[in-house]
Amino acid sequence: MTDTTTPDRHAPDVVDALTQDHHEALDLLGRIGATTDAAERRDLADTVIAEVVRHSVAEEMYVYPAMSSHLSDGADTVAHDKDEHEGLERIMKDLEGVGGDDPRFDDLVTAMADALRHHASDEEAEQFPKLRAALDEETLVGLRRKVETAKKLAPTRPHPDAPNAELFHKLAGPGVGLVDRLRDRLSGRATG
């Protein structure tokens, strides 16, 4: 029996996965503005918050160390990206505290979309191409697998006062994620 499938140009790598995350999160944020139902708006916000938190934690655990080690401006780039993550976390924490019909809700969704769009643009236009140039395909695919695993264990709620550090995320992150997922189930919070 012969295999009639055509092999992919390359297996999806970490850049593909993170870029897809950016687009999906921005799409969810756009869907919030397209509905006036307060409960649906709140559910969409909870889902996008959970996804962005998971994405950020996984990025800080595996992608930022690779960027720091393999890009000539890696340390500065990672410091900049972590600052952007902290800003997003603060916006998400504020957004968590308002209802879908609260007058501040739309302003916070807009602020989150603007911050995420800026962050994604930096990564997709500048950093990800440099990462692809610096690492071989096997390493990039391996990073995607690590990121996917980390996202399953990562917290689902923003914790802006927690350290945005690889070691913290690897040691404490799974426990924080477990507590967040338990809180999500008990409260009925939508997390994707």
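The values are calculated or read from the model by the stated rules, or taken from the named source; none is laboratory data. All figures in this text were calculated on a predicted structure; none of them were measured in a lab. Cβ sites come from the backbone with ideal geometry, for glycine too, and all protein chains shown count toward neighbours.
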Open item on the list: For a quick check of your reading: which helices (runs of 4 or more DSSP H) sit entirely within the stretch 82-182 and have at least 3 residues that are of a type outside the set (A, V, I, L, M, F, W, C) and modelled with pLDDT of 95 or more?
Closed with: 103-122, 128-134, 137-153
Open item on the list: Here is a list: K82, K93, K130. Which entry is among the charged types (D, E, K, R) and touching a Phe, Trp or Tyr at 6+ places or on another chain (Cβ under 8 Å)?
Closed with: K82
Task: Single unsatisfied condition, L26 versus (1) more than 23 Å from D136 (Cβ to Cβ); (2) modelled with pLDDT under 95; (3) surrounded by fewer than 20 Cβ atoms within 10 Å (Cβ to Cβ); (4) not hydroxyl-bearing (S, T, Y) - done: (2)
TODO: Report whether or not A45 is surrounded by fewer than 22 Cβ atoms within 10 Å (Cβ to Cβ) and hydrophobic (A, V, I, L, M, F, W, C).
DONE: no
Open item on the list: Between a residue in the stretch 43-57 that is more than 13 Å from L29 (Cβ to Cβ) and any residue that is aliphatic (A, V, I, L, M) and buried (at least 24 other Cβ atoms within 10 Å of the Cβ), which pairs come within a Cβ distance under 6 Å, given they are 6 or more apart or on different chains?
Closed with: R54/A154; V57/A154
Task: Qualifying residues in the stretch 77-95 (those that are of a type outside the set (A, V, I, L, M) and touching a residue at least 60 places away in the same chain (Cβ under 8 Å)) - the one farthest from D46 (Cα to Cα) - done: K82
Task: Unmet criterion (only one of (1) modelled with pLDDT of 95 or more; (2) under 22 Å from D13 (Cβ atoms)) for A58 - done: (1)
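Let's see how each residue does on (1) more than 15 Å from E123 (Cα to Cα); (2) touching a residue at least 24 places away in the same chain (Cβ under 8 Å); (3) touching a His at 6+ places or on another chain (Cβ under 6 Å); (4) not basic (K, R):
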position	(1), (2), (3), (4)
I32	yes, yes, no, yes
A75	no, no, no, yes
G97	yes, no, no, yes
M112	yes, yes, no, yes
